[in-house]
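Quick one: the structure is below, and I'll ask about it shortly.
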Amino acid sequence: KGSQGLDMWVVLKYKPKELKILKDSFFKILGEMPEFYNPKYKYERFINDKLKTFEKNILDNYLTCKHNKFKDPKIVNILKNSRGLIYFLSGCEFNQKQLEEFIKFCRLNEDTNGFLTQSFFKIIKKTKAKFISGPFTQMIFDIIEDRGGKLKVLLNNVNITISRSSKKLLYSYI
C-alpha cells in the first residue's frame, strides 16, 4: 500500500456497538480500509436446556489495525477523534515485531472460518481447565497427563482421554 513504506500495526480500544462507524471513519480519513484483526473463538453454553453457540473476542473490546499512515502522528491525531474509538494504546510503534508475531500465531491457530482452535489455548501449562464447547460445556476437569495429541483428564471422578484435534471439544485453562 502507498509509497510511505511498510504498514504499521496499532492497538485500539473501541466501543463494541460503534465498531462499524469506527471502521467507516477510518476509511474516510485514510482513503482506504485499513486491515483490522480481532482474534475470536466460538464457545457453547447450555441455556434453558438448549446448547447455544457464542463468539468471544480474546481481546475483548481491543482491536489490532494495520495501515501505512499510522506512522504519521498527524494522521493518528486526526483518527483519535473518530466516533467509536476510546483510545489508541501507546507504544505500538516500539512493539511492531511482537504485534506481528502475536497476529501470526493467532492466524496459524485458526480454523477455516477464522476462529481460534484448541492449539491456540495450549500455550499455558496448567492442571485445571473448563470445556467451552461440546457435550461437557462449562464443566471443569483436572488434567492428569499430557500425551501430545491426547489429553488424559479427570472429569467428575471419571478418567477420560480427549483428542487435541477435536473440533467439538474446546477448553480453556483456569
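The values are calculated or read from the model by the stated rules, or taken from the named source; none is laboratory data. Everything numeric here is computed off the predicted structure, so don't read it as measured data. Heads up, the Cβs are rebuilt from the backbone with ideal geometry, glycines too, and the neighbour counts pull from every protein chain shown. What goes into the accessible areas is simple: the full protein's heavy atoms, side chains included, and nothing from ligands, DNA or RNA. Shrake-Rupley method; radii C 1.70, N 1.55, O 1.52, S 1.80 Å.
Of the conditions (1) outside any strand (DSSP E or B); (2) among the basic types (Lys, Arg); (3) surrounded by 11 or more Cβ atoms within 10 Å (Cβ to Cβ); (4) under 19 Å from the mean Cα position of the chain (by Cα), LYS69 clears all except one; give me its number.
Every listed condition holds for LYS69 apart from (4).
Given the structure, is ILE124 open to solvent by less than 60 Å² (accessible area, probe 1.4 Å), under 15 Å from SER172 (Cα atoms), modelled with pLDDT under 85 and not charged (D, E, K, R)?
No, not satisfied.
Of all residues being closer than 16 Å to PHE36 by Cα and either free of Cβ contacts under 8 Å to residues at least 24 places away in the same chain or assigned to a loop (DSSP other than H, G, I, E, B) (or both) in region 73-98, which is nearest to the chain's Cα centre (by Cα)? Just the residue, please.
LEU89
Which of the residues spanning region 24-34 are part of a helix (DSSP H, G or I), in contact (Cβ under 8 Å) with a residue 24 or more places away in the chain and either open to solvent by 40 Å² or more (accessible area, probe 1.4 Å) or among the polar types (S, T, N, Q) (or both)?
Selection gives SER25, ILE29.
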